[in-house]
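To start, the structure under review is shown below, and the notes come after it.
The values are calculated or read from the model by the stated rules, or taken from the named source; none is laboratory data. Source: prediction; values computed, not measured. FYI the Cβ positions are ideal-geometry reconstructions off the backbone, even for glycines, and counts take in every protein chain you see. Note: areas computed on protein heavy atoms with side chains; ligands, DNA, RNA excluded. Shrake-Rupley method; radii C 1.70, N 1.55, O 1.52, S 1.80 Å.
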Amino acid sequence: MEKTIVDRSLLNSIDEIIERYNCDKHNLLTILQESQGLIPEHYIPEVVAKHIGIRLNMPISKVYDVITFFSALNDRPKGKHVIQLCKSSVCRLNKYQSLRDILERELLIKMGETTEDGSFTLEYSACFGACDVSPAFRIDDKVYGNLTEGKIIEIINDYRGISHG
Amino acid sequence: MDRTVSIISKNFKKYNIESIDEYLSLGGFKALEKAFDLGPKGIINELNASGLRGRGGAAYPTGKKWEQASRVPGHRKVIICNADEGEPATFKDRYLLQYDPYKVIEGMIIAAITFNANEGYIYIREEYKYLHDKFRRAIQLSKEKGFLGENILNNGFNFDITVFSGAGAYVCGESTALIESMEGKSGRPRLKLNRTSEKGLYQLPTLANNVETLAAVTSILYTGGEEYGKYGTPSSRGTKLISLCGNVNRPGAYEVPFGVTLREIVYDIGGGIKEGKALKFLQLGGASGAIVPPSLLDLKYCYEELGNKGIDIGSGAVLVADETNRVVDFLKSVQDFFLHESCGKCTPCREGNRQITKILNRFVTGEGSVEDLKTIERFSNVMKYASFCGLGKTAPTALLSAIEHFPIEFYQQIHRVRKTS
Ligand SMILES: Cc1cc2nc3c(=O)[nH]c(=O)nc-3n(C[C@H](O)[C@H](O)[C@H](O)COP(=O)(O)O)c2cc1C
Ligand code: SF4
Ligand code: FES
């Protein structure tokens with residue numbers, strides 16, 4: 001995975017977010033989530049974490065306490081699309097392992113890895129409330145359930161189209 | 001015979017949520033008009049008459065909770081709708097957000113009238129991000145029609161709602177952890193020196209309720225508390241949204257009157273087990289709930305009958321597992337969840353989950369021992385009684401109930417040393 005190059009224009013956009021939330025440290029979680037949303041590799045680079053800490057007048061350790069606590073915030077870069085496979089109780093009963101095998105085979109990576117071209121990261125997640133269509137995965141914010149092998153391949157190819165297009 | 005009912009779920013898939021007019025044509029916001037006529041005391045009377053209990057898991061009577069809260073003084077007060085829904089096997093709140101968001105909004109406004117609050121937040125889990133903007137749109141449309149904002153329906157009452165996104169932490173469903181995370185901190189539960197209704201978000205009086213509770217409030221004011229309370233059993237009145245899932249033919253969120261049997265839920269509503277297999281066990285209330293063996297299938301789904309067997313309704317999840325599943329494998333998925341979600345603030349839960357995971361892994365691979373079995377029971381009981389919050393207290397529920405009902409499954413996984421002489 002490539003790391004994001006933090007330039008002035010990114011920091012300006014982050015400043016806009018911080019100002020929209022009144023430079024108030026109580027809004028840290030929202031500020032971090034929106035800032036991460038600007039970064040294609042879905043993480044908060046250290047420079048950004050430091051910058052936010054300074055602008056909110058709080059120690060960087062507090063910023064990292066929040067980043068590392070929440071699953072939706074990352075301190076390390078990920079692929080362009082993050083595929084999260086649920087392995088909680090319902091998906092366990094509905095054999096999430098069959099989806100895992102297809103995904104690993106199609107993407108040529110193992111769980112926890114990122115494809116060489118940086119398009120996809122494959123990881124496990126806890127239940128995301130799609131148990132009625134289990135086994136399920138989500139790609140970025142979108143949930144896919146009731147899956148067949150053909151459907152999974154189609155979905156991946158669609159994303160490949162997007163990421164190369 | 002399928003015993004589902006449509007009161008809270010009446011509008012599911014009946015209208016397009018992009019159109020508030022369609023909601024209005026289904027009787028939408030009539031409950032709100034009634035709420036203004038009734039006033040806080042009248043609303044609380046209706047809730048008491050209905051027998052409604054909180055649907056977030058703790059099942060505290062809502063009328064009583066609101067009555068106590070309404071006595072708290074303060075100029076600035078807050079309503080929170082808890083849409084964190086992180087309990088594995090639970091998705092019924094998602095159906096409400098997805099198919100009837102205005103009913104939830106209406107319930108929040110009714111709560112605000114009762115509590116005399118002018119600020120509202122709905123804390124929706126990050127995993128439901130695809131619903132955040134849809135919900136924001138429903139708020140916007142409600143505002144344009146004068147149901148939110150200033151001087152609501154010309155009653156001189158102001159109330160507004162903001163969507164707050166969770167960030168992927170199950171423990172944040174616990175009210176004080178939820179509030180911590182809304183204040184820009186990591187979501188670890190707070191020591192409760194005061195009730196949340198006295199000192200909650202930013203130390204302001206805060207009334208927090210589950211999505212389904214608030215939707216039920218709207219339905220109760222619409223149909224009348226007495227009328228709603230006619231459903232169910234004498235001590236578990238009304239109806240409940242259940243999340244039916246697992247190895248079952250028709251998974252989904254369904255509304256049932258309290259008092260249907262577990263058998264009716266699995267076989268009539270759920271259409272039985274997939275591929276005609278036999279039932280191995282149920283888990284009720286999500287990952288934090290008890291394992292229920294087939295011998296208890298004729299129990300009525302209600303607080304007292306399940307409670308007598310040490311089973312909680314919890315979030316209303318009904319997870320079905322077929323005969324091909326080994327209990328210890330299933331428990332491992334439950335245990336992995338709690339190990340991941342423990343916030344680490346207190347020792348019983350942090351260390352207990354870690355040690356139990358290690359030992360349980362030995363049972364999965366057939367290397368358990370009799371000592372191990374005693375140890376996990378002992379650790380589980382320590383967690384149950386000494387953990388700081390509900391997460392650690394309920395994390396070993398599945399394990400303890402499984403040891404009670406399926407001891408054989410553990411003994412089969414005990415490593416046998418072959419005698420050589
Ligand atoms: C670990 C943990 C997670 C919880 N998650 C939720 C949740 O996702 N949604 C919810 O409404 N309540 C959840 N609760 C229960 C809340 O703390 C609280 O009791 C409830 O929201 C109160 O609302 P009610 O009276 O309407 O049920 C959770 C509790 C604990 C201990
Ligand atoms: S019981 Fe678990 S989740 Fe709750 S405070 Fe203790 S460590 Fe955190
Ligand atoms: S258990 Fe997998 S989505 Fe709920």
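Residues in region B:338-352 that are open to solvent by less than 60 Å² (accessible area, probe 1.4 Å) and within 14 Å of chain A (Cβ to nearest Cβ): 5 in all. Inside region B:275-294, residues that are farther than 29 Å from residue B:171 by Cβ and in a strand (DSSP E or B) make up a count of 2.
When you check residue B:267 against the structure, is it within 25 Å of residue B:92 (Cα to Cα), in contact (Cβ under 8 Å) with a residue 24 or more places away in the chain, among the aromatic types (Phe, Trp, Tyr) and open to solvent by 30 Å² or more (accessible area, probe 1.4 Å), yes or no?
Details: within 25 Å of residue B:92 (Cα to Cα): yes; in contact (Cβ under 8 Å) with a residue 24 or more places away in the chain: no; among the aromatic types (Phe, Trp, Tyr): yes; open to solvent by 30 Å² or more (accessible area, probe 1.4 Å): yes.
No, not satisfied.
What about residue A:72, is it within 16 Å of ligand 1 (Cβ to nearest atom), out of contact with any His (no Cβ under 6 Å at 6 or more places or on another chain) and either open to solvent by 20 Å² or more (accessible area, probe 1.4 Å) or at pLDDT 95 or above (or both)? When the stated conditions are applied, residue A:72 passes them.
Looking only at region B:75-93, how many residues end up being open to solvent by 10 Å² or more (accessible area, probe 1.4 Å) and within 16 Å of residue B:107 (Cα to Cα)? Result for region B:75-93: 1.
Would you check which residues across region B:23-58 are part of a loop (DSSP other than H, G, I, E, B) and either within 14 Å of chain A (Cβ to nearest Cβ) or within 16 Å of ligand 1 (Cβ to nearest atom) (or both) and list them?
Start the filter on region B:23-58 by keeping residues that are part of a loop (DSSP other than H, G, I, E, B), which leaves B:26-29, B:51-52, B:54-58.
B:51, B:52, B:54, B:55, B:56, B:57, B:58, listed by residue number.
Of the residues making up region B:176-185, those that are open to solvent by 20 Å² or more (accessible area, probe 1.4 Å) and within 14 Å of ligand 1 (Cβ to nearest atom) number 1. All conditions in (1) modelled with pLDDT of 95 or more; (2) on the phi < 0 side of the Ramachandran plot hold for residue B:58, with the sole exception of (1). Do the conditions hold for residue B:231, that is, is it touching a Pro at 6+ places or on another chain (Cβ under 7 Å), more than 16 Å from ligand 2 (Cβ to nearest atom), open to solvent by 10 Å² or more (accessible area, probe 1.4 Å) and at pLDDT 95 or above? Yes.
Checking the structure you have, find out if any residue of region B:143-159 is within 24 Å of the chain's Cα centre (by Cα), in the same structural domain as residue B:214 (by TED's automatic domain parsing) and not polar (S, T, N, Q).
no
Of the set (1) more than 14 Å from every other protein chain (Cβ to nearest Cβ); (2) within 11 Å of ligand 1 (Cβ to nearest atom), all apply to residue B:173 but (1).
So in region B:67-91, with the set limited to residues that are assigned to a loop (DSSP other than H, G, I, E, B) and small (Gly, Ala, Ser), which one is nearest to residue B:163 (Cα to Cα)? Looking at the filtered set, the residue picked out is B:86. Within region B:387-412, the residues that satisfy the criterion of being farther than 20 Å from residue B:374 by Cβ and either open to solvent by 30 Å² or more (accessible area, probe 1.4 Å) or assigned to a helix (DSSP H, G or I) (or both) are B:388, B:390, B:391, B:392, B:393, B:394.
Tell me the residue from B:398, B:402 that is within 27 Å of residue B:275 (Cβ to Cβ), within 16 Å of ligand 2 (Cβ to nearest atom) and within 14 Å of chain A (Cβ to nearest Cβ), please. Don't jump to the end; show me each part of the working.
On the way: B:402 fails: within 16 Å of ligand 2 (Cβ to nearest atom).
B:398 is the lone residue from the list that is within 27 Å of residue B:275 (Cβ to Cβ), within 16 Å of ligand 2 (Cβ to nearest atom) and within 14 Å of chain A (Cβ to nearest Cβ).
Looking only at region B:295-333, which residues are within 17 Å of the chain's Cα centre (by Cα), under 20 Å from residue B:246 (Cβ atoms) and assigned to a helix (DSSP H, G or I)? Result: B:306, single match.
Report yes if some residue within region B:323-336 is open to solvent by 40 Å² or more (accessible area, probe 1.4 Å) and among the small types (Gly, Ala, Ser); otherwise report no. The answer is no; no qualifying residue exists. Tallying residues that are basic (Lys, Arg), assigned to a helix (DSSP H, G or I) and facing another protein chain (nearest Cβ under 10 Å) within region A:51-90 yields 1.
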